[in-house]
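Each value in this text was obtained by applying a stated rule to the coordinates, not by laboratory testing. What you see is a predicted model; the values in this text were computed from it and never measured. Because the Cβ atoms are built from the backbone with ideal geometry, glycine has one as well, and the counts that use them run over all protein chains shown.
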Amino acid sequence: MSQPNLIEVKNVAKIYQEDTVATAALTNISFNVTEGEFIAIMGASGSGKSTLLHILGLLDHPSQGIYRLNNVNTAELTDIQRSRIRNNKIGFVFQAFHLLARTSVLENVMLPLQYSSLPRSQHIARAKQALAQVDMTHRIDHKPSQLSGGEKQRTCIARALVTQPQVLLADEPTGNLDSITGNTVMELIDHLHKQGLTIIVITHETPTADYAQRIIKLRDGQIISDQLSQARHHHYQK
Amino acid sequence: MLLQTAFTSLLANPGRSLLTILGIVIGIIAIVLVIALGQGAQNLIVSELENFGANFIIIRPGRQPDTPTDIAESILGDSIKEKDIFALRRPENAPGVVSVDPAVLVTGEATYQENIFRPMIFGWTANAMEDGFGIRPAIGTTFTDEDIRQRAKVAIIGATMKEELFGSSDAIGRSFKLRGHNIRVIGVYPPSGQIMSFNMDEIAIVPYSTAQKDILGIDYYVEVFVRTDPDADIETVAEDIRATLRESHGITAAAKDDFFVWTQKDIVNRLGLITQTLTLFLVAIASISLLVGGIGIMNIMLVSVTERTHEIGLRKAVGATNSNIMRQFLAESIILTATGGLIGTGIAAALVFIITWIAQTQYQIAWPFYLPPFAILLGIGMATIVGLVFGIYPARKAALKDPIVSLRYE
Ligand SMILES: Nc1ncnc2c1ncn2[C@@H]1O[C@H](COP(=O)(O)OP(=O)(O)OP(=O)(O)O)[C@@H](O)[C@H]1O
Ligand SMILES: [Mg+2]
């Protein structure tokens with residue numbers, strides 16, 4: 001049985017044109033993602049992982065090819081529509097956290113709700129709910145500087161979850177963490193996946209990639225393999 | 001939400017925020033102060049003019065002063081002479097006229113023994129002083145029409161002048177020297193303070209005939225003060241006066257008038273025009289400080305946009321549109337300048353209060369504290385507009401930032 005495609009990428013290329021020099025960051029990328037999948041994108045530094053994730057997250061436009069999200073050709077979306085989709089369909093997690101230093105954990109998590117249509121009266125409750133999902137309820141009044149690396153990343157995940165998106169896009173979420181903390185963060189992401197969230201994680205660490213069901217490998221901007229994971233984490237069937 | 005976000009980021013750096021708005025604060029203080037004091041001074045003079053009553057007309061030589069040359073001509077003018085006074089006093093010429101009191105101004109040192117004082121000396125009539133300003137001597141008497149006819153060398157002096165020349169001893173009957181003439185004091189006015197920009201305590205009144213012919217040796221008057229019948233139409237009386245003077249001067253066309261006539265209403269209107277022009281001019285100068293303040297705001301907002309590149313990238317990644325970002329930064333610059341406007345207006349209000357208080361207590365000027373609502377509105381309004389205008393460029397710069405580049409920014 002086949003689920004509808006959440007993401008459909010067809011012959012996507014990204015070429016950075018700088019003066020006379022053209023860099024092809026991505027060439028001829030095609031793959032589909034169905035709802036509920038957990039995908040890891042792997043590849044060496046400079047292979048185009050982040051570029052791909054930015055395109056998937058509507059932060060960037062492909063130079064060529066078609067990217068459909070929920071069966072909508074994203075090339076036809078206006079900037080405002082793209083912002084709205086980023087807000088309520090996509091959750092971002094960054095390697096560098098990007099938490100606002102001046103505001104509390106709770107306010108950081110509430111940030112995306114500023115741009116959502118959720119009534120203001122529900123913002124705090126919704127943020128607390130997202131913080132409960134990542135087990136950060138006891139830290140809501142802390143400032144980011146008072147958090148450990150793992151706590152910071154869990155706050156970022158809560159911020160990504162707060163608008164209840166369809167897909168979580170994480171660019172090296174464990175890149176700034178030691179391996180034990182990294183594992184707990186991946187356990188958390190795995191847990192969210194089991195609750196039905198679609199997840200795409202960029203990593204160049206195999207232990208992190210092993211949490212995924214499917215691994216897409218990039219080299220020089222091209223997909224060199226797209227396979228189900230062989231890792232033993234998966235005791236369940238797709 | 002927008003305001004809360006803006007306040008949070010401004011309060012993150014309160015010292016810088018305050019320094020940034022200093023230029024705005026100073027500009028707004030200047031503007032509000034100029035307007036409030038200008039309006040207050042005008043109100044003060046108008047109310048004094050109104051106390052004066054509407055039944056008077058002032059005649060001066062020269063043309064209606066519209067340009068600096070006109071004003072000089074009016075000050076130096078010598079066209080109004082004794083025959084004009086006689087003509088005006090004839091009831092068939094100007095029926096509404098009650099009295100005609102010509103005036104000349106004498107400057108110079110008054111001395112008594114070792115004491116020297118520089119009073120403002122009017123050659124006038126004593127009753128004009130009494131009718132016009134409601135002041136009569138506290139000690140002694142006034143001079144009479146007979147004194148004027150005989151060019152008596154007598155004076156009624158203000159309280160300060162008496163104090164400076166004669167100290168605590170009795171002044172009546174003593175004579176001070178003025179330009180080689182001995183003038184006998186016949187009356188002393190009570191302390192009266194400032195009336196219409198004259199310090200009544202520093203004046204002396206002598207018969208106009210004495211001042212004109214004996215002290216100054218001239219044959220013209222600098223001003224003629226006419227009281228009119230309260231039942232007469234003041235404009236008709238003014239017209240009668242013009243006609244009389246034209247006939248007396250042999251003038252056929254109004255354009256060739258070598259004198260001008262002012263009613264109370266003319267003076268009030270003129271005063272309003274002068275205050276307005278002056279206020280506008282000063283406000284324009286003060287606005288330069290606002291301009292400088294605005295450039296400061298723009299500068300600091302540009303710094304802030306650069307410092308917060310990551311924040312802008314993040315906000316865009318989680319769904320902020322360009323206009324969301326634009327509005328956020330505009331809100332910040334407007335809050336900055338509007339706060340500056342509020343602080344500036346507050347300080348200006350305090351300064352107006354202090355200035356009027358000093359005027360009241362130190363100079364006995366009945367100047368009520370007055371802060372025109374218009375000045376408050378203009379102060380806060382202009383500050384807000386500065387925030388808007390000078391905030392647009394930085395806000396636009398923030399709004400157009402590429403989220404990916406911003407997130408990567410080191
Ligand atoms: N704005 C840009 N202008 C020009 N070239 C760029 C730009 N952004 C990325 N590139 C190039 O595109 C290629 C892919 O970059 P990308 O950031 O996607 O790599 P990555 O796989 O995420 O690497 P890493 O693991 O180091 O994060 C690189 O060669 C990079 O130099
Ligand atoms: Mg990368």
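What to note about this one:
- For the range B:1-18 versus the range B:30-63, the gap between their alpha-carbon centres in whole angstrom: 45
- Spatial extent of the range B:102-215: Rg and Dmax, with the Cα atoms as the point set, Å: 12.4, 35
- Taking only the Cα atoms of the range B:114-153, the radius of gyration and Dmax are 12.0, 35 Å.
- Applying D = kT/(6 pi eta Rh) to the range B:46-173, where Rh is the Kirkwood radius over alpha-carbon pairs, T corresponds to 25 °C and eta to 0.890 mPa s, the Stokes-Einstein value obtained is 141 µm²/s.
- Label point 7 Å beyond Cα of B:Leu76 along Cβ direction - residues of the range B:215-259 with amide nitrogen under 17 Å: B:219-222, B:258-259
- The convex hull drawn around the Cα atoms of the range A:8-80, when projected onto a plane and averaged over every direction, covers 5.7 nm².
- Dipole-positive endmost among B:Ile267, B:Leu19, A:Thr51 within the protein assembly as shown (Cβ charges, Cα centre): A:Thr51
- Inter-label distance, nm, simple model (7 Å from Cα along the C-beta direction), A:Tyr16/B:Glu410: 1.3
- Ellipsoid equivalent to the range B:163-224 - semi-axes via the Cα gyration tensor, in Å: 22, 18, 9
- For B:Ile116 and B:Thr277, the FRET efficiency from 1/(1 + (r/R0)^6), where r spans their Cβ atoms and R0 equals 56 Å, is about 0.90.
- Using the Cα coordinates of chain B, the gyration tensor eigenvalues translate into equivalent-ellipsoid semi-axes of 63, 25, 16 Å, sorted from longest to shortest.
- The largest-to-smallest principal axis extents of the Cα set in the range A:137-238 are 45, 28, 24 Å.
- With the simple spin-label model, which puts each label point 7 Å out from Cα in the Cβ direction, the A:His138 to B:Lys177 separation comes to 10.2 nm.
- The range A:93-129 and the range B:218-245 have Cα centres spaced 80 Å apart.
- Potential extension, B:Gln150-B:Ser168 segment - 0.36 nm per residue separation minus Cα distance: 3.4 nm
- At 0.890 mPa s and 25 °C, Stokes D of chain A from Kirkwood alpha-carbon radius, µm² per second: 134
- Whole-angstrom gap from the range A:162-238 to the range B:137-199, using each part's C-alpha centre: 105
- Whole-percent pair-distance distribution, where bins are 10 Å wide, for the alpha carbons of the range A:151-194: 27, 62, 12
- Convex hull volume of the C-alpha atoms in the protein assembly as shown, normalised per residue: 253 Å³.
- Potential lengthening of the chain between A:Asn32 and A:Gln227 amounts to 69.0 nm, from the contour at 0.36 nm per residue minus the alpha-carbon distance.
- The C-alpha atoms of chain B define a longest principal axis, and helix B:264-307 lies at about 20 degrees to it.
- Simple label model, 7 Å out from Cα along Cβ direction - A:Ala24 to B:Leu3, nm: 5.6
- One quarter of the convex hull surface built on the alpha carbon atoms of the range A:113-196 amounts to 5.9 nm², the projected area averaged over directions.
- If R0 equals 51 Å, the separation of the Cβ atoms of B:Ile285 and A:Arg102 corresponds to a calculated FRET efficiency of about 0.80.
- Over 24 Å (Cα to Cα) - which of B:Lys81/B:Lys153; A:Lys14/B:Lys316; A:Lys14/B:Lys397 fall in this group: A:Lys14/B:Lys397
- Using the Cβ-Cβ distance between B:Phe353 and B:Lys265 with R0 set to 30 Å, the FRET efficiency from 1/(1 + (r/R0)^6) comes to roughly 0.40.
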